[in-house]
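Colleague: My questions all concern the structure below.
The values are calculated or read from the model by the stated rules, or taken from the named source; none is laboratory data. Computed from a predicted model, the values in this text were never measured in an experiment. Here the Cβ is made from the backbone with ideal geometry for all residues, glycine too, and neighbour counts use every protein chain on show.
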Amino acid sequence: MPAEPVLVIHGGAWAMPDSVVEAHLRGVRNALAAGWRVLGNGGSALDAVEEAVVVMEDDEIFDAGRGSFLNRDGRVQLDALIMDGATLRAGGVGCVEHLRNPVRAARKILSESPHVYFVGEGAERFAVEHGIKLCRNEELVIPREVQRLQEFQACGIDKDSADLFAATISHDTVGAVALDSAGNLASATSTGGTLNKAPGRLGDSSLIGCGCYADNKSAAASTTGWGEPMMKLVLAKWAADRVLSGSLPEWAAAEAISYLESRVNGHGGIILLDARGQFGIAHNAPRMAWAVRTMEREEAGVERVK
Ligand code: GLY
């Protein structure tokens, strides 16, 4: 069914200090512009979310692509998922270490593989076989993150402590949801995961229904924040199911975050969009970078949406 396009972006939910607010706003606005170049010209929601997420993976301010948090071994390990609401096809990569834009590899899986999910070396081999160049892990590591990891490891926090996931620690996972003029929904999420994570740890972002979901019959969703609680609740699908049952995305997004907090003491944020172009943006972390564009409106912020 023809529709007016809508694009919603997020760039992380956490206790973002004033000093980095401008950089986050610039980042989500750039992503919004890239996605809208696709949608505004009649392109697909799938292409739009891919292009928007690539821009944020390339932007060092976010915990995605180059500039991501380092794991306990000082390496970048990335996860991403992209999903098509029209067909329910999806592509995911987990624990990849040599891809600048994991969402590009995820898109190749969605479009060119009978499988849905590849991890580690197998994901990288798939990417190469489909024309994507590998990079050295060192190219994804930036000095800011080396210092952040050193400071974190020096402060002696128990590696198994929940303090690792406090809302004050940055959760800059990025994501986008889109509705195109053909009436199709899509979503994509990309992350470097959590600071000092154990090598091989996979978060919510690249798992279908946890950090990302899209179904034309319900909604497209992307989450950000502390991944383990979101995985336990399969939160993106939980929120989309509320829309399928008749809730407005605005209400379902707020309910999802409230459920996350009350049920498993989680924190983070969600963006949610239905096939009628109605959307919700919610977070319980103090701030979340977000941006939205419709035919009538273009806006970005870090505070709660009224
Ligand atoms: N939400 C990102 C992660 O926990 O990996």
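Colleague: Within segment 239-258, is even one residue aromatic (Phe, Trp, Tyr) and within 29 Å of residue 116 (Cα to Cα)? So that I can check it myself, show each step before the final result.
Modeller: Filtering segment 239-258 down to residues aromatic (Phe, Trp, Tyr) leaves 251.
From what's left, within 29 Å of residue 116 (Cα to Cα): none.
Checked against the condition, which is being aromatic (Phe, Trp, Tyr) and within 29 Å of residue 116 (Cα to Cα), segment 239-258 yields no hits at all.
Colleague: Of everything in segment 121-153, what is surrounded by fewer than 12 Cβ atoms within 10 Å (Cβ to Cβ) and either of a type outside the set (S, T, N, Q) or at positive phi (or both)? Give them in sequence order.
Modeller: Residues of segment 121-153 surrounded by fewer than 12 Cβ atoms within 10 Å (Cβ to Cβ): 129, 131, 133, 136, 138, 143-144, 147, 151.
Within segment 121-153, 129, 131, 133, 136, 138, 143, 144, 151 meet the criteria.
Colleague: Pick out, from segment 256-306, the strands (runs of 3 or more DSSP E) lying fully within it that include 2 or more residues that are surrounded by 22 or more Cβ atoms within 10 Å (Cβ to Cβ). Full working, then the answer.
Modeller: On the way: elements: 268-273, 279-283, 287-293, 298-301.
The strands (runs of 3 or more DSSP E) meeting that bar are 268-273, 279-283, 287-293.
Colleague: Exactly one condition in (1) at positive phi; (2) in contact (Cβ under 8 Å) with a residue 40 or more places away in the chain; (3) of a type outside the set (Phe, Trp, Tyr) is not met by residue 234; state its number.
Modeller: For residue 234, the failing item is (2).
Listed here are the residues, each with its yes/no results for (1) of a type outside the set (D, E, K, R); (2) farther than 23 Å from residue 220 by Cα; (3) touching a Lys or Arg at 6+ places or on another chain (Cβ under 9 Å).
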residue	(1), (2), (3)
36	yes, no, yes
51	no, no, yes
57	no, no, yes
62	yes, no, no
67	yes, yes, yes
70	yes, yes, yes
73	no, yes, no
76	yes, yes, yes
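Colleague: Next up: Condition first: within 14 Å of the ligand (Cβ to nearest atom) and assigned to a loop (DSSP other than H, G, I, E, B). Now tell me which residues in segment 182-203 satisfy that.
Modeller: 192, 193, 194, 195, 196, 197, 198, 199, 200, 201, 202, 203
Colleague: So for segment 232-240 (the condition being surrounded by fewer than 24 Cβ atoms within 10 Å (Cβ to Cβ) and part of a loop (DSSP other than H, G, I, E, B)), does at least one residue qualify? Full working, then the answer.
Modeller: Narrowing segment 232-240 to residues surrounded by fewer than 24 Cβ atoms within 10 Å (Cβ to Cβ): 232-234, 237-238.
Add one more test, that the residue is part of a loop (DSSP other than H, G, I, E, B), and what stays is 234.
Looking through segment 232-240, at least one residue is surrounded by fewer than 24 Cβ atoms within 10 Å (Cβ to Cβ) and part of a loop (DSSP other than H, G, I, E, B).
Colleague: Within segment 238-283, work out how many residues are polar (S, T, N, Q) and closer than 16 Å to residue 211 by Cβ. Can you show your working first?
Modeller: Within segment 238-283, the subset polar (S, T, N, Q) is 245, 247, 258, 262, 265, 278.
Subsequent filtering for residues that are closer than 16 Å to residue 211 by Cβ retains none.
Selection size over segment 238-283: 0.
Colleague: For segment 204-229, name all the residues that are within 8 Å of the ligand (Cβ to nearest atom) and either surrounded by fewer than 24 Cβ atoms within 10 Å (Cβ to Cβ) or at pLDDT 95 or above (or both). Give the steps one after another, and end with the answer.
Modeller: Taking segment 204-229 and keeping what is within 8 Å of the ligand (Cβ to nearest atom), we get 204-205, 211, 223-228.
Answer for segment 204-229, where residues must be within 8 Å of the ligand (Cβ to nearest atom) and either surrounded by fewer than 24 Cβ atoms within 10 Å (Cβ to Cβ) or at pLDDT 95 or above (or both): 204, 205, 211, 223, 224, 228.
Colleague: Please enumerate the residues belonging to segment 212-231 that are under 22 Å from residue 15 (Cα atoms) and not in a strand (DSSP E or B).
Modeller: Across segment 212-231, the qualifying residues are 226, 227, 228, 229, 230, 231.
Colleague: On to the next question. Does any residue of segment 273-290 turn out to be within 15 Å of the ligand (Cβ to nearest atom), without any contact (Cβ under 8 Å) to a residue 60 or more places away in the chain and within 20 Å of residue 176 (Cβ to Cβ)?
Modeller: Scanning segment 273-290, I find no residue that is within 15 Å of the ligand (Cβ to nearest atom), without any contact (Cβ under 8 Å) to a residue 60 or more places away in the chain and within 20 Å of residue 176 (Cβ to Cβ), so the answer is no.
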